[in-house]
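Chemist: Below is a structure I'd like to ask you about.
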Amino acid sequence: MESTIEQKKKPISEVWAKRPLIISGPCSAETETQVLETAIRLAATGKVDMMRAGIWKPRTRPGNFEGIGTKGLPWLQKAKEISGLPLTVEVATGKQVEDALHFGVDVLWIGARTTVNPFSVQEVADALRGVDVPVLIKNPINPDLELWIGAVERVAKAGIKNIGLIHRGFSSYGNTEYRNAPMWHLAIEMKRRHPDMMMINDPSHISGRRDILQDVAQKAIDLDFDGLIIESHIDPDNAWSDAKQQITPERLGEMLGSIIWRKEDIDSEELHANMEKMRQQINQLDDELMQILSQRMKVADKIGQYKKDNNITILQTNRWNAILERAFAKGEKLGLSKEFITKYFDAVHMESISHQNKVMNS
Ligand code: PEP
Ligand code: MN
């Protein structure tokens, strides 16, 4: 456990480099008392590195609480003084960047509704020119990696050296399990493209509710994320925004205590040797799978030729349904999920169709 005094001494570069990096605080700053009490209770957990609070809140529908505005910034400044926790605030305009920096906000974050809009991202980037402040960039609300990458590029071009990513899930119509579908594969692809950029996970906005918060957080840690940003509130049920997904600082402390923190690697030769053997096996099996797939496509080509000669269509729905039914039944016995079988056969089928298309039209 670190003391508040020690935290007070830490320069922001040191906090930024800490792993796992834990950020917490209310969805919105509401009152001075709420902000100060949250800061004290978060610091008391000894598990939080930085405090978050929304000052300007982009809400999807009007009429919801849209943030306390600039008048909340001095409250945050005071919270930092008494707790030692550095601050992060969401910014969406040039003026907001200016105000946040004026009141000593340590890290800025760009929200999901801003990342989608290149005009807004550019305005924020322009306001950042010549400023040395770390910036976190949330994924856009829609599953479009290019927009996320574009925002990173705009901020980097403005001269910002410390850029981090926040994966907060993607909105989709009618999704009931999550408020924002995690689509983990997109976060993983983003990590692959920016291997040196830290990526933290926001289980609060993915879950939208408390009961699955810890599972989502654990999943992120299992996937080697660099940290978590989790919303907390002194009285969650009565929060002015995102009440359903917030937890008390004490509950947050418990939750962080029961998460299993995994390392990317450990220093053990035996483990490395065993892993290496199994990875060789996987490589071997992948090679064989590809050989077999290639053979399968050659048979599809022959069928294509046959269809061409006899002037029949490529797609035969009955045949396709029969293949799928057979595969589900077999897959179940082999421990392969229906979801995987569907995706796999869709991909194989599309490749077969494209092969036969070439045969038919050559
Ligand atoms: C938030 O962090 O409170 C917020 C508005 O998040 P997002 O931009 O991910 O919706
Ligand atoms: Mn929120």
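The values are calculated or read from the model by the stated rules, or taken from the named source; none is laboratory data. These numbers come from a predicted model, not from an experiment. Methodologically, a virtual Cβ is constructed for each residue, glycine included, from the backbone with ideal geometry; neighbour enumeration extends over all protein chains shown. Note: areas computed on protein heavy atoms with side chains; ligands, DNA, RNA excluded. Shrake-Rupley method; radii C 1.70, N 1.55, O 1.52, S 1.80 Å.
Chemist: Looking at segment 132-143, which of the residues that are open to solvent by 30 Å² or more (accessible area, probe 1.4 Å) and in contact with a strand residue (DSSP E or B) (Cβ under 9 Å, 6 or more places away or on another chain) is nearest to ligand 2 (Cβ to nearest atom)?
Modeler: Ile141
Chemist: Just one of (1) closer than 19 Å to Lys47 by Cβ; (2) out of contact with any His (no Cβ under 9 Å at 6 or more places or on another chain); (3) assigned by TED's automatic domain parsing to the domain that holds Asn64 trips up Ile247, so point out which.
Modeler: Of (1) closer than 19 Å to Lys47 by Cβ; (2) out of contact with any His (no Cβ under 9 Å at 6 or more places or on another chain); (3) assigned by TED's automatic domain parsing to the domain that holds Asn64, only one is false for Ile247: (2).
Chemist: Across segment 219-239, what is the number of residues that are within 15 Å of the chain's Cα centre (by Cα) and open to solvent by 30 Å² or more (accessible area, probe 1.4 Å)?
Modeler: 5
Chemist: While we're looking at this one, here's another question. Among the residues of segment 149-169, is there at least one that is at pLDDT 95 or above, over 23 Å from Ala125 (Cβ atoms) and either touching a Ser or Thr at 6+ places or on another chain (Cβ under 8 Å) or of a type outside the set (S, T, N, Q) (or both)?
Modeler: yes
Chemist: Could you check segment 267-281 and list, in sequence order, the residues that are in a loop (DSSP other than H, G, I, E, B) and either in contact (Cβ under 8 Å) with a residue 60 or more places away in the chain or open to solvent by 80 Å² or more (accessible area, probe 1.4 Å) (or both)? Even if it seems obvious, please write down each step before you answer.
Modeler: From segment 267-281, those in a loop (DSSP other than H, G, I, E, B) are 267-268; that's our starting set.
Residue satisfying the conditions is Asp267 alone.
Chemist: Out of segment 321-361, which residues are more than 18 Å from Ile292 (Cα to Cα), within 31 Å of the chain's Cα centre (by Cα) and of a type in the set (Gly, Ala, Ser)?
Modeler: Gly335, Ser337
Chemist: Please go through segment 240-266 and pick out each residue that is among the charged types (D, E, K, R) and surrounded by fewer than 21 Cβ atoms within 10 Å (Cβ to Cβ).
Modeler: Lys244, Glu250, Arg251, Glu254, Arg262, Lys263, Glu264, Asp265
Chemist: Still on this structure, please answer the following. Looking at segment 227-251, which of its residues are assigned to a helix (DSSP H, G or I), more than 15 Å from ligand 1 (Cβ to nearest atom) and of a type outside the set (Lys, Arg)?
Modeler: Asp237, Asn238, Pro249, Glu250
Chemist: Pairs needed: first member in segment 42-55, under 22 Å from Ala112 (Cα atoms) and in the same structural domain as Ile68 (by TED's automatic domain parsing); second member anywhere, outside any strand (DSSP E or B) and within 12 Å of ligand 2 (Cβ to nearest atom); C-beta distance under 7 Å; at least 6 residues apart or different chains.
Modeler: Partner pairs satisfying both residue conditions: Ala53/Pro26; Ala53/Ala29; Gly54/Cys27; Gly54/Ala29; Gly54/Gly67; Ile55/Ala29; Ile55/Gly67.
Chemist: Among the residues that make up segment 171-178, is at least one of them in the same structural domain as Ile23 (by TED's automatic domain parsing), within 16 Å of ligand 2 (Cβ to nearest atom), surrounded by fewer than 19 Cβ atoms within 10 Å (Cβ to Cβ) and of a type outside the set (A, V, I, L, M, F, W, C)?
Modeler: yes
Conditions (1) of a type in the set (Gly, Ala, Ser); (2) over 27 Å from Ala53 (Cβ atoms); (3) in a strand (DSSP E or B), marked per residue:
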| residue | (1), (2), (3) |
| --- | --- |
| Ile137 | no, no, yes |
| Ala156 | yes, no, no |
| Gly164 | yes, no, yes |
| Tyr173 | no, yes, no |
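Chemist: Here's a follow-up. Looking at segment 58-88, which of its residues are within 16 Å of ligand 2 (Cβ to nearest atom) and open to solvent by 20 Å² or more (accessible area, probe 1.4 Å)?
Modeler: Pro58, Arg59, Thr60, Arg61, Asn64, Phe65, Glu66, Gly67, Ile68
Chemist: Which pairs do you get when a residue that is touching a residue at least 24 places away in the same chain (Cβ under 8 Å), found in segment 148-162, comes within reach of a residue that is of a type in the set (S, T, N, Q) and open to solvent by less than 20 Å² (accessible area, probe 1.4 Å), reach meaning Cβ atoms under 7 angstrom, with the pair 6+ apart or on two chains?
Modeler: Between residues of segment 148-162 that are touching a residue at least 24 places away in the same chain (Cβ under 8 Å) and residues that are of a type in the set (S, T, N, Q) and open to solvent by less than 20 Å² (accessible area, probe 1.4 Å), the close pairs are Trp148/Thr115; Trp148/Asn139; Ala151/Thr115.
Chemist: Okay, moving on. Determine the pairs where a residue that is within 14 Å of Lys219 (Cβ to Cβ), located within segment 181-199, has a partner that is β-branched (Val, Ile, Thr) with Cβ atoms under 7 Å apart, the partner being 6 or more residues away or on another chain.
Modeler: Filtered contacts from segment 181-199: Pro182/Ile206; Pro182/Val216.
Chemist: Restrict the check to segment 284-307 and report whether at least one residue is within 30 Å of Gln218 (Cβ to Cβ), part of a helix (DSSP H, G or I) and open to solvent by 80 Å² or more (accessible area, probe 1.4 Å).
Modeler: yes
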